[in-house]
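All remarks here apply to the structure that follows.
Every number here is computed from the coordinates shown, using simple stated rules; none is lab data. Please read all numbers here as calculations on a predicted model, not as lab measurements. FYI the Cβ positions are ideal-geometry reconstructions off the backbone, even for glycines, and counts take in every protein chain you see.
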Amino acid sequence: MAIINYNPNLSLCGGTPPAPAPAPGAAAGPATASPSIELHVCMGLNACKGHDRNGNNNCAGTGYCATATRHNCQTLNDCHGQGGCGLYGDAEQQMLPGANECAWQGSCAVPIQAERYSTLGDNTKKSVWLLARKLFEERMMKAKRVVGDSPFKCGPPQNWLTFVLGSYDSCGNSGDKRCSFGFNNPDDHGKELCEGKEE
Amino acid sequence: MSQNLFFSKDSDVTPANLGDAIQQAIEIEIATIPVYLYTYYSINRSPDQDAISGALVQELVRAGKSTAEASAIALDLSADIMVYANKAGALIMSVAIEEMLHMALSSNLKQALAGLPELVGKSPSVWPACLPGHEPEFPINRAKLSLDQLMTFLKIESPDPLPDPKLLKAPIPYKTIGQFYKMIKTCIKDNDLPYNTHSPQLLPGKGYYAQNNIDTVYYDKEHNPHFTNAPDSGDLLYVRDRDSALHAIDCIVDQGEGAPGADGLNPDGSVNCGKVKPADYDDFDKKELSHFEKFAQIYCHYKTLDEKFNGLGIGEINISDYFVVNVPLNPSTAHYPAHIRPVSDFLNGVYTYLFVMVENCYVQSGNTQYETFMFGIHKSMIFILNSVCGDIMKLTYKHNGHEYVAAPTFEDYPFGLVSSPKSQLIDLYNAAVAVYPTISYLGQRVQDLPDVPLQNGGIF
């Protein structure tokens, strides 16, 4: 989109309104529709079989990739439970990766790379993905679901995401941890986060 | 900006002029924001370490070092530059964020004691600018990072009167921002004032303010993150009585100048690069430095690095060449060439619309205010303003034989009253994208903004 038009009826909800659904019986596409899948924010956070981006995972917690819309920062998530966390947002928001209340309330990018850490709240300096997985496992415990291992124990490494997705970007101007400077070994830092240590 | 001096030289803050005084405080806070942001955007926080290191190795080998020696020195020094560039950016951003907090706290104060705060059209319009009412006046530029610019920052945040004996002989309305706020405090303490608790304010606990984000973090050489703000240094505050009003003012003053007993510049006007004192912190846990001390740290670190590089025996080195972008001094949109002007107008429209939305938060409460703040103000700051600041800096132009990188000018855009500010913002976007299609990804973000009217009858 380049040129845009002002419409006084578009405020906050924004964007072009979806086209109205066709009347029942109208010739508007196939008779069978794909069932909806739950939208989640990252690897290892799927509640059901077949609910990862590839649709071929076996059970809860084993999916390879997010089904929620990929985005690169705070307030860009579409709906409940579809925001990443860490890097931006207040202390309360940063404790809810993949568990935000509503659209635009997630505080960082989706998917959540393994190297990301929280910048405020009780999880400060610790892995965002591990917190997301903890919240997910608690939810599954309530739902009495068996949860399998995530393909990567601590979430998808940024290098892997870049390889798989073609590119990967999360917000922030504070340097790129993967190609950082001096005497940094990003793999070591990733391991420390994975062990639950502070960054 | 109408830089009114609201007081005669020897006047006090009284219940009669308290509203004007608080409005002046708001404008002092607003005046700092474009200055800090301009310098922030002049810093490349992630310069090319290989390029820095490679250039140093060549010079060091030419000066007689072995390749191994030169490589070791170059790795170490280039890492110093990487740390410094990122640290300077983080510290300046941490201050800019707190200036926005101060603007909101002062606005809460005005809402409680004197009516709607006025924010739109209050950014400086003449450059060099000055702090409204500060004496002695000193010039404030939108300039790239340098020791001179950092000295200006230190003057803005100085806890002591500026050491200029000639100027200090003149009677002055206020000598430091802290002293100005003290006049307001005295008025609040000494008078039984009514507090308006019915009108909306920007309140804590709603996610409006976050002390740190990834832009306030920098890494040391070992890549350990350092958080430049502290969770306990301050937050939004509901001004509803005398105690909360005084608390809001203390937060502003402590964050800016440090606790009582903090030192300013040396008597000769130089910067004290000695050990940090407890009073230089603004929080209970002593984890966050005051604005003045943060700028002193950047200033002193710059000097140390500069001496280190210039002691290598490889000629004169200006370390800022490694990480500071060559943006112009005090640019204006009107003087930009045709391929930049519409982009700058759009950027200024977004900048001004932020103030329009903040003003609106003082007439709306509940979920309307929440949505305006979270989805209008946050989105505009991070996903439109910050993005277009980065995009405009990909454009260059020539002036008097020198090439410059275009920079955000942070001028108030004069929204008219004939149509809504958002519709005018869309027009600005359309004009900008026509000359610079790179920003087309911003169209939907602009479209998504709340449609908010002007509150105070327009800017001009």
*Percent breakdown of C-alpha pair distances by 20 Å bin, ordered from the shortest bin, for chain B*: 24, 56, 19, 1
*Which whole number gives the average count of other chain Cβ atoms within 10 Å of the Cβ atoms across peptide B:215-223?*
6
*How would you rank B:Thr39, B:Thr152, B:Thr14, A:Thr119, going from fewest to most other Cβ atoms within 10 Å of each one's own Cβ?*
B:Thr14, B:Thr152, B:Thr39, A:Thr119
*So what is the diffusion coefficient of segment B:51-148 in µm² per second by Stokes-Einstein at 10 °C and 1.306 mPa s, using a Kirkwood Rh over Cα pairs?*
88
_Cα-based equivalent ellipsoid, segment B:1-114: semi-axes from gyration tensor eigenvalues, Å_ = 51, 13, 10
*Under 15 Å from the Cα of B:Lys185 - aspartates and glutamates, other chains or at least 8 residues apart*: B:Asp12, B:Asp20, B:Asp241, B:Asp243, B:Asp250, B:Asp254
_Inter-chain Cβ neighbour average for residues B:241-247, partner chain, 10 Å_ = 0
*Which order results if B:Val358, B:Val325 are arranged by neighbouring Cβ count within 10 Å, fewest first?*
B:Val325, B:Val358
*Zone of B:Ser244 (label point 7 Å along Cα→Cβ, backbone N under 20 Å): which residues in segment B:95-122?*
B:101-118
*At a Förster distance of 51 Å, what's the computed FRET efficiency of B:Glu137 paired with A:Glu195, Cβ-Cβ distance as r, to 0.05?*
0.35
_Theoretical FRET efficiency, 1/(1+(r/R0)^6), r = Cβ-Cβ of B:Ala434 and B:Asp50, R0 25 Å, to 0.05_ = 0.10
_chain B: relative contact order as a whole-number percent, Cα under 8 Å and 6+ apart_ = 19
*Rough spin-label spacing in nm, given labels placed 7 Å along Cα→Cβ, for B:Ala16 and B:Asp192*: 2.1
*Could you give the C-alpha radius of gyration of segment B:333-447 expressed as a fraction of 2.2 N^0.38 Å, taking N as the number of residues it contains?*
1.11
_Contour excess over end-to-end distance, with Cα ends at B:Asn367 and B:Ser125 and 0.36 nm allotted per residue_ = 83.7 nm
*According to a simple spin-label model (label point 7 Å from Cα along Cα-to-Cβ), what is the distance in nm between B:Phe284 and B:Gln444?*
4.5
_What does the charge count around B:Ile392 come to, taking other residues whose C-beta lies under 12 Å from its C-beta (Lys +1, Arg +1, Asp -1, Glu -1)?_
0
*Among residues other than B:Ser107 whose Cβ falls under 12 Å from its Cβ, what is the net charge (Lys/Arg +1, Asp/Glu -1)?*
-2
*Evaluate the distance, in nm, between pseudo-label points positioned 7 Å from the Cα of A:Asn7 and of B:Leu329 along their respective Cα→Cβ axes.*
4.9
_Can you compute the equivalent ellipsoid semi-axes for segment B:292-365, i.e. the square root of 5 times each eigenvalue of the Cα gyration tensor, sorted largest first and rounded to whole Å?_
39, 22, 7
_Let me test this: with uniform point scatterers at the alpha carbons of segment B:403-460, what is the Debye-based log₁₀ I(q)/I(0) at q = 0.13, 0.19, 0.21 1/Å?_
-0.42, -0.83, -0.96
_Relative contact order of segment B:333-447, pairs being alpha-carbon contacts under 8 Å that are 6 or more residues apart, as %_ = 38
*asked:* How charged is the neighbourhood of B:Asn141? Take every other residue with its Cβ under 13 Å from the Cβ of B:Asn141, and add Lys/Arg as +1 and Asp/Glu as -1.
replied: +2
